[in-house]
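Below is one structure, written out as structure tokens, with a few remarks after it.
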Amino acid sequence: MKFFIDTASLAQIKEAAALGVLDGVTTNPSLMAKEGIAGEERVRKHYVDICEAVDGDVSAEVIATDLAGMVREGEELAALHPRIVVKVPMIKDGVKAIRHFSSKGIRTNCTLVFSAGQALLAAKAGATYVSPFIGRLDDVSTDGVALIRQIRTIYDNYGLHTQVLAASIRHPMHIIQCAEVGADVATCPLSAILALFDHPLTTIGLEKFLADHRKAQQPAKV
Ligand code: E4P
């Protein structure tokens, strides 16, 4: 399973990339706003900076919600860097835009997906990635991981090539559960990736190894 980081923070992207396990980045307008990135020129420069900080796909979301606007914006975003993936919302014009981009060889990430039917539409339109938001489903007492499993089954039934990108991940167990049910990608906050490192027995075990090593270096008593 590929690991993407879900942030627009260059510092966090660089920290995750330095771990050697990062495969890409997803952003959205809220994450860009959180970093204070505003204005068309700054937004576009920031996407290029992200592409230069990580060796993997970088999702950049369109703001327009009509077909002509999404097509224009998406083509401009895709021209910024070969690894940009155009992120398009799951609405009727979004699906039409995905079909357009797919016919032009522009890769897409269909976002704001909350049902298997939406995921099927995105795949039929030729989306490169589909982003089911599992944390936001859990927030409304609906099983987000179950949706990933359902989409995996449907895509496998028909040999659909759209990659299942589990999004809105809140904690390390989400990552493990998504891996168990066969998500192609998990896009995670840095905190969830870092939490995967932690186990108390690793900490205790390492302390013991080092203490025993230190003891063995002391001269033997006669
Ligand atoms: C990623 O592509 C999504 O925009 C993101 O995972 C949404 O996460 P949130 O529900 O934590 O905002």
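For R170, the solvent-accessible surface with a 1.4 Å probe is about 110 Å², rounded to the nearest 10.
For the chain, complete DSSP H runs whose alpha carbons reach 15 Å or more along their own long axis and whose mean Kyte-Doolittle score is -0.5 or higher are 67-80, 144-158, 200-217. When you count the other C-beta atoms within 10 angstrom of each residue and take the mean per peptide, 70-82, 127-139 line up highest first as 127-139, 70-82. Per-peptide packing, taken as the mean over residues of other Cβ atoms within 10 Å, places 3-9, 201-207 in the sequence 3-9, 201-207 from highest down. Extension gain, L80-Q217: 0.36 nm per intervening residue step, less the Cα-Cα distance, totals 43.6 nm.
Close amide H pairs (under 5 Å, H built 1.01 Å from N) link T26 with I5, D6, T7, S59, residues at least 5 positions away or on another chain. Per-residue ellipticity at 222 nm computed for the chain from its helices equals -16000 deg cm²/dmol, with DSSP H segments shorter than 4 residues left out and the rest contributing -39,500 (n - 2.57).
Heavy-atom accessible area with a 1.4 Å probe sorts H213, H100, largest first, into H213, H100.
Estimate the FRET efficiency between M173 and A18 by the formula 1/(1 + (r/R0)^6), using the beta-carbon distance for r and 22 Å for R0, to the nearest 0.05. For M173 and A18, the calculated efficiency is 0.35. Computed on region 2-217, with alpha-carbon pairs under 8 angstrom and 6+ residues apart, the relative contact order is 16 percent. Here A33 and D66 are evaluated by their C-beta separation; at R0 = 22 Å the FRET efficiency comes out at 0.55. Per-residue extension of 0.36 nm, minus the Cα-Cα distance of I204 and T142, leaves a gain of 18.6 nm for this segment. For a test of the definition: using alpha carbon positions, the gyration tensor, and the 1.5 limit on a/c, classify the chain as rounded, prolate or oblate. Prolate.
The values are calculated or read from the model by the stated rules, or taken from the named source; none is laboratory data. Not measured: the values here are computed from a predicted model. Glycine gets a Cβ as well: all are built from the backbone with ideal geometry, and neighbour counts include every protein chain shown. Please note that ligands, DNA and RNA were not included when accessible areas were found on the heavy atoms of the full protein model with its side chains. Shrake-Rupley method; radii C 1.70, N 1.55, O 1.52, S 1.80 Å.
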